[in-house]
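Asker: Sending over a structure as structure tokens; questions will come in a sec.
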Amino acid sequence: MDAAVVAIAGDGDADAGHRRPLLASADDDDEIRPYPASSPSPQHPAGAERKPRRVASLDVFRGLTVAMMILVDDAGGAWPGMNHSPWLGVTVADFVMPAFLFIIGVSAALVFKKTPNKTVATKKAAIRAIKLFILGVILQGGYIHGRHNLTYGIDLDHIRWLGVLQRIAIGYFLAAISEIWLVNNISVDSAISFVKKYFMEWIVAVMISALYVGLLLGLYVSNWEFKVQTSNSILTIPTPGNEIGMKMIQCGVRGSLGPPCNAVGFVDRVLLGENHLYKNPVYKRTKECSVNSPDYGPLPPNAPDWCLAPFDPEGSFTSNAIMATSFHCVNSLRISTSVISKPLYTVSYMLLTGGVSGFLLLLLYYIVDVINIKKPFILFQWMGMNALIVYVLAACEIFPTLVQGFYWRSPENNLVDLTESLLQTIFHSKRWGTLAFVVLEIIFWCLAACFLHMKGIYLKL
């Protein structure tokens, strides 16, 4: 396909292989199946013609991840403990992005498990990654301003080149290249043959991990300066009429893992430029930068200058590359740092979140596909079947923004805000009302995904 389109399945039978998961192409079979297509199963003895049974646990896992993303994004402001960790440590929100990368790694391993023509497979992976990257720039580069802001547009001098989808695109491409070119084309019938098949992937993953840790701890970070609005302590994007001041950050160190002088931020500033970094990083919720920590808030007295500096929360090129690669290879990395930090994507953070994602997928596979308990997870399965369209419309706030565009006399009088306010009134609590609104939002998107599934409509790249 030349662009992201809505694909209409021929007969609406997703289980028969007409529906493809996120990032799957129309001619790739990237589904995990309990038995090979040519192998007999207890329910289908040898000689019986059958269609391979799709494993539903992947859809459930994908749907759970999208639902969790909506929950932490929309309810995290009312429940700071549910939001991302300001710097060190992990919260439930910090497992969402790794889960996405884990799914991408699994998909890449399945899509490219058989590649008779490696050049063609590489081209296919590159095209798919480019599509996802462009979609990410459109949705997360700053052109769309989200809820509560009925405007659009972005100064190209301040566009954010690397958001979540863009990072996933890069990680997906590297994982695909690893599967295509580094895996030996031999059958696995013993532990030794298994090691031989994936040995090169493991070696490369360990080398990249070592390189990343070496850069994180050994790269010299010099003093640096950034622009800040003197008339507004919250926004750092210059606007007409505002004075622009310069702030100098004193570093001159190696191995710092704090917000102002780490190697990750240094690499991003060099490769991307200050203007193209995220303007509202999570460390603005630290005690040094917010009187309402762990939530956003006014600056405390004598707050350090770096509280106003931009920083991309998804880490640098290096950190995301190693994360996707390590997840994809499912290797036995033993390199770690002394802290767990999502903004820095420390290897300890990658191992923890990757291990949790793998365990959760294994658990879901046993429950959903082995002992066949599917009904409790049907909502998430539907959402997982159309994860991309739900992500675009819900997580990127396209749909609520369109709905809010229709209001009565004042922009605040719209269906989305009035529904949330009504629930807050019913629950006599802003926090619980917001949580109820987000749960209702998740159920809405599950049912919307069900409707698309029943119609045989799926968005794919």
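Asker: Six or more apart or on different chains, Cβ atoms under 9 Å: show the pairs whose first residue is in segment 355-374 and basic (Lys, Arg) and whose second is part of a helix (DSSP H, G or I).
Answerer: Between residues of segment 355-374 that are basic (Lys, Arg) and residues that are part of a helix (DSSP H, G or I), the close pairs are LYS374/VAL60; LYS374/ILE367; LYS374/VAL368; LYS374/GLN381.
Asker: Test GLY315 against the stated conditions and say whether it is modelled with pLDDT of 90 or more and within 24 Å of the chain's Cα centre (by Cα). Before the answer, list the steps.
Answerer: Numbers: modelled with pLDDT of 90 or more: no; within 24 Å of the chain's Cα centre (by Cα): yes.
It is false that GLY315 is modelled with pLDDT of 90 or more and within 24 Å of the chain's Cα centre (by Cα).
Asker: Answer yes or no as to whether SER187 is modelled with pLDDT of 85 or more and of a type outside the set (D, E, K, R).
Answerer: No: the conditions fail for SER187.
Asker: Just one of (1) at pLDDT 90 or above; (2) under 17 Å from the mean Cα position of the chain (by Cα); (3) exposed (fewer than 15 other Cβ atoms within 10 Å of the Cβ) trips up MET383, so point out which.
Answerer: (3)
Asker: Okay, next question. May I ask you to say which residue of ALA324, ALA394 is farther than 18 Å from VAL106 by Cβ and at pLDDT below 85?
Answerer: ALA394
Asker: Does segment 289-303 contain any residue that is of a type outside the set (Gly, Ala, Ser) and open to solvent by less than 20 Å² (accessible area, probe 1.4 Å)?
Answerer: So in segment 289-303, the residues of a type outside the set (Gly, Ala, Ser) come out as 289, 291-292, 294-296, 298-302.
Those left that are additionally open to solvent by less than 20 Å² (accessible area, probe 1.4 Å): 289.
Checked against the condition, which is being of a type outside the set (Gly, Ala, Ser) and open to solvent by less than 20 Å² (accessible area, probe 1.4 Å), segment 289-303 yields at least one hit.
Asker: Okay, next question. Within segment 270-289, which residues are touching a Pro at 6+ places or on another chain (Cβ under 7 Å), within 16 Å of PRO80 (Cα to Cα) and not charged (D, E, K, R)?
Answerer: PRO281, VAL282, TYR283, THR286 - these are the residues of segment 270-289 that are touching a Pro at 6+ places or on another chain (Cβ under 7 Å), within 16 Å of PRO80 (Cα to Cα) and not charged (D, E, K, R).
Asker: Additional query: Within the group GLU412, GLU420, which residue is part of a helix (DSSP H, G or I), out of contact with any Cys (no Cβ under 9 Å at 6 or more places or on another chain) and not hydrophobic (A, V, I, L, M, F, W, C)?
Answerer: GLU420
Asker: Counting residues that are of a type in the set (S, T, N, Q) and open to solvent by 30 Å² or more (accessible area, probe 1.4 Å), which helices (runs of 4 or more DSSP H) fully inside segment 77-185 reach at least 2?
Answerer: On the way: elements: 96-111, 118-140, 164-182.
Helices (runs of 4 or more DSSP H) meeting the threshold: 118-140.
Asker: Same structure again: Go through segment 120-138 and give me each residue that's closer than 18 Å to ILE170 by Cα and out of contact with any Phe, Trp or Tyr (no Cβ under 8 Å at 6 or more places or on another chain).
Answerer: Of all residues in segment 120-138, those closer than 18 Å to ILE170 by Cα come to 121-138.
If the condition is that a residue be closer than 18 Å to ILE170 by Cα and out of contact with any Phe, Trp or Tyr (no Cβ under 8 Å at 6 or more places or on another chain), then LYS123, LYS124, ILE127, ILE130, LYS131, PHE133, ILE134, LEU135, GLY136, ILE138 are the ones that fit.
Asker: If you don't mind, another one. Within segment 228-281, restricting attention to residues that are open to solvent by 50 Å² or more (accessible area, probe 1.4 Å) and hydroxyl-bearing (Ser, Thr, Tyr), which residue is modelled with the highest pLDDT?
Answerer: TYR278
Asker: Let me ask you something else. Just to verify a result, which residue in segment 188-204, among those that are in a helix (DSSP H, G or I) and small (Gly, Ala, Ser), is nearest to SER178 (Cα to Cα)?
Answerer: Filtering segment 188-204 for residues in a helix (DSSP H, G or I) gives 191-204.
Those left that are additionally small (Gly, Ala, Ser): 191, 193.
Working: ALA191: 21, SER193: 18 Å.
So the residue we want is SER193.
Asker: Checking the conditions here, which among SER348, SER410 is without any contact (Cβ under 8 Å) to a residue 40 or more places away in the chain and open to solvent by 20 Å² or more (accessible area, probe 1.4 Å)?
Answerer: None of the others qualify; the one that does is SER410.
Asker: Working carefully through the options LEU165, LEU132, find the one that is under 17 Å from VAL111 (Cα atoms) and in contact with a helix residue (DSSP H, G or I) (Cβ under 6 Å, 6 or more places away or on another chain).
Answerer: Exactly one of LEU165, LEU132 is under 17 Å from VAL111 (Cα atoms) and in contact with a helix residue (DSSP H, G or I) (Cβ under 6 Å, 6 or more places away or on another chain), namely LEU132.
Asker: Still on this structure: May I ask you to say which residue of LEU452, LEU363, LEU393, LEU418 is under 25 Å from the mean Cα position of the chain (by Cα), open to solvent by 70 Å² or more (accessible area, probe 1.4 Å) and over 30 Å from TYR212 (Cα atoms)?
Answerer: Going through LEU452, LEU363, LEU393, LEU418 in turn, the sole match is LEU363.
The values are calculated or read from the model by the stated rules, or taken from the named source; none is laboratory data. Bear in mind the structure is a predicted one, so any value in this text is a computation, not a measurement. Here the Cβ is made from the backbone with ideal geometry for all residues, glycine too, and neighbour counts use every protein chain on show. Remember, those area values only see protein heavy atoms, side chains included, never the ligands or the DNA or RNA. Shrake-Rupley method; radii C 1.70, N 1.55, O 1.52, S 1.80 Å.
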